[in-house]
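The values are calculated or read from the model by the stated rules, or taken from the named source; none is laboratory data. What you see is a predicted model; the values in this text were computed from it and never measured. Glycine also receives a Cβ, built like all others from the backbone with ideal geometry; neighbour counts cover every protein chain displayed.
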There are 2 protein chains.
Amino acid sequence: MKTNPHFYPVILAGGRGTRFWPLSRKRHAKQLLALDGTQTMIQQTVARLLPLAGPNRFWVITNGDLRPAILRQLPKLPPKQIVAEPAGRNTAPAIGLAAFFLLQRDSDAVLGLFPSDHVIADPAQYRATLSRGIEIAAAGENIVVLGIRPTRPETGYGYIETGSRDAASPDQQGKSSLCVRRFTEKPDLATARQFLDAGNYFWNSGMFLWRADTLANALREHLPNTAPFLERIAAAYGTRKFADTFRKLYPKCENISVDYAVLEPRSAKGEAQSRIFCLPSDFGWNDLGSWTALHEHHVAKTRPGDGSLASASGSFAFNAKNNYVHAPGKFVALVGVSNLVIVETDDALLVTTLDQSQDVGKVVKHLDEKKLKKLV
Amino acid sequence: MKTNPHFYPVILAGGRGTRFWPLSRKRHAKQLLALDGTQTMIQQTVARLLPLAGPNRFWVITNGDLRPAILRQLPKLPPKQIVAEPAGRNTAPAIGLAAFFLLQRDSDAVLGLFPSDHVIADPAQYRATLSRGIEIAAAGENIVVLGIRPTRPETGYGYIETGSRDAASPDQQGKSSLCVRRFTEKPDLATARQFLDAGNYFWNSGMFLWRADTLANALREHLPNTAPFLERIAAAYGTRKFADTFRKLYPKCENISVDYAVLEPRSAKGEAQSRIFCLPSDFGWNDLGSWTALHEHHVAKTRPGDGSLASASGSFAFNAKNNYVHAPGKFVALVGVSNLVIVETDDALLVTTLDQSQDVGKVVKHLDEKKLKKLV
């Protein structure tokens, strides 16, 4: 594997993942759970990138609630590069901060931005795609986004509309990069079907590659009020003033996603000018957005007879099928029930359906409102 | 309340109640659970009879698995009168044994036979009915059965067909006793509807009253091989030989219910000869035969808005209704589910539907077969 010594993975790990309640909690969010296998989601994220960059080149942006657990789960990463935001400000400031940190140590730094809670079925293919993307990003003022080839008319994701083939990109078995025409919001079902049929739309994976200076310049251009705060925080990094500076200035940054702040306005300049490229990706990506998505992921991997999957000390099903059960340490009996999601922890029990598990966030909202802090 | 000094309540407490798994267990059967209120079912059974008979007049027939817990739950009853059968032999030998025990100490003894796991909404009315029944039973070779006036075409119970009014019975606000014409098996739905419409059919409550000598004679007549064993066991009661005699002879008794052994053949003699009387009863009887029956009992008592009843440390329901939840110590969240039964214990979790909870016994059958003894 050809590696780039200027490539730095930046892992975004500040999300709550409330749809995995009651397993996910404020101090133990989705990315810290071993939802698929023995490693946690963030451990898997790091492990599949390690062939491309040594542990010292990783940065993790998270929050104070999650940092202690992340330090425990990723003991090989430099603790100082596991950074807790004093306040959540969405992705643009988080990513910008990483860019300014890195610019100080490596003027040729190439940032890779990675969510911390997705699964990738084919890590070798994933790394091959990334290597190609790092090349493109390193070559100049390019932004590379990994676009997932859609397999269904999903309404839960943003889409990337692509245009012509990148002239500079050799066709590697149909995997040449494409110019990005437009980023779209989550579509309705009819629109999602059109996107799927059209063939030039991809799911926005949230994985981006760009040079640190390209990103820093983009922030100076698109977030002129926020960029100076980030530069001052980065300048204080490693000094006694850092914690204080970070705590005072970061909350003043705009609360905005990198998509809204940078990518959409930049793509509006037109294909030729924006220099945003989409790498079509086919490495078995799944964002595991809900218990239902996790269930489908497991069923696809294991294909059991009745489709009921019980993580339990034992189970018995009578006239029951296609249920997802997580109740470790319990014997679970299902009689006459189907398409349910049943999740049990020491202090909580959730019962919902595969159809309605996306509403589990409402439970957490209720618990927040009732200030039932131990349960969130 | 007029009480009869020769009245002895005999409580049958050997059942497993597997349909209340995972709460009910081999050593902690349904009658030992506080399914309705703070007292257990057997404690309620004793409490509502105490105004009719002091604690020293109670007998409990159970098995070795349940006896220790019953001793703990009923500390005021004489431990020697809580008798553990060496082997289950259905109701005829159990009741016969009680009859021979009692004949030894009181030749005018009147036995009342009571299941240990039913609820009675109106104990005062219940005792008034019993007092009338005790009078009738004490008067001669009569057998009195408490017949529950049916409120629905239930297919899960046996029925009693009644004939003419007992000539000797004064009409007490329509509650005079009726001659029993026939005991019937559990009917199909069409038959149950006919019974309901006919007006002269009652549910067999399993509660009977008769003199000990009447019962002893009936057993000698209908179970001539079994009665001598029971007499020999009763003769040994109170001696050093009792345990040994009981263990050796009781398993030789026929395994048969009192309904089949005595009541059905006797009723076949015809109304006039059989001297079996039915006391129509309206004291809010419920045998709580399943989680569903328990749920309906609770809903009828409490009438909550959405019908979901959660026994938990807290709960939240979204788009969910009419669920029965027992998960003490847990916060329970229900999202998009209805008509479920969810029961959690330290080692087990059951999820079924109100429609299918009668099949919970199949779980216990499975556990028995797999020899998962800790769970049964």
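Worth pointing out:
- Flag if residue B:2 is outside the structural domain of residue B:262 (by TED's automatic domain parsing), surrounded by fewer than 22 Cβ atoms within 10 Å (Cβ to Cβ) and modelled with pLDDT under 95: yes
- One residue stands out in segment B:343-358 among those that are facing another protein chain (nearest Cβ under 7 Å) and surrounded by fewer than 17 Cβ atoms within 10 Å (Cβ to Cβ): the one that is nearest to residue B:22 (Cα to Cα), namely B:347.
- Identity of the residue in segment B:288-331, closer than 19 Å to residue B:30 by Cβ and assigned to a strand (DSSP E or B), that ends up modelled with the lowest pLDDT: B:309
- Against the numbered list (1) touching an Asp or Glu at 6+ places or on another chain (Cβ under 7 Å); (2) closer than 20 Å to residue B:344 by Cα; (3) touching a residue at least 24 places away in the same chain (Cβ under 8 Å), residue A:277 comes up short only at (2).
- Out of A:49, A:66, A:71, sole residue that is closer than 21 Å to residue A:207 by Cα and not acidic (Asp, Glu): A:49
- Any hit, segment A:184-203, residues being in contact (Cβ under 8 Å) with a residue 12 or more places away in the chain, closer than 20 Å to residue A:111 by Cβ and of a type outside the set (Lys, Arg): no
For every residue, the table says whether it meets (1) away from every other protein chain (no Cβ under 12 Å); (2) touching a strand residue (DSSP E or B) at 6+ places or on another chain (Cβ under 7 Å); (3) small (Gly, Ala, Ser).
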site: B:310; (1), (2), (3): no, yes, yes
site: B:316; (1), (2), (3): no, yes, no
site: B:321; (1), (2), (3): yes, yes, no
site: B:338; (1), (2), (3): no, yes, yes
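- Filter pass, residue A:52 being in the same structural domain as residue A:14 (by TED's automatic domain parsing), without any contact (Cβ under 8 Å) to a residue 40 or more places away in the chain, outside any helix (DSSP H, G or I) and surrounded by 15 or more Cβ atoms within 10 Å (Cβ to Cβ): no
- Flag if residue B:16 is within 19 Å of residue B:119 (Cβ to Cβ) and part of a helix (DSSP H, G or I): no
- Which listed residue, of B:190, B:198, is over 19 Å from residue B:277 (Cβ atoms), of a type in the set (Gly, Ala, Ser) and out of contact with any Gly (no Cβ under 6 Å at 6 or more places or on another chain): B:190
- Residue in segment A:283-298 that is within 10 Å of chain B (Cβ to nearest Cβ), crowded, with 17+ Cβ neighbours inside 10 Å and polar (S, T, N, Q) present: no
- Scanning segment A:112-134 finds no residues that are assigned by TED's automatic domain parsing to the domain that holds residue A:70, surrounded by fewer than 22 Cβ atoms within 10 Å (Cβ to Cβ), in a loop (DSSP other than H, G, I, E, B) and more than 17 Å from the chain's Cα centre (by Cα).
- Scoring residue A:371 on the criteria (1) free of Cβ contacts under 8 Å to residues at least 60 places away in the same chain; (2) at the interface with chain B (Cβ under 7 Å from one of its Cβ atoms) leaves a single failure, condition (2).
- Across segment A:177-229, the qualifying residues are those that are assigned to a loop (DSSP other than H, G, I, E, B) and surrounded by fewer than 17 Cβ atoms within 10 Å (Cβ to Cβ), and the one among them that is modelled with the lowest pLDDT is A:185.
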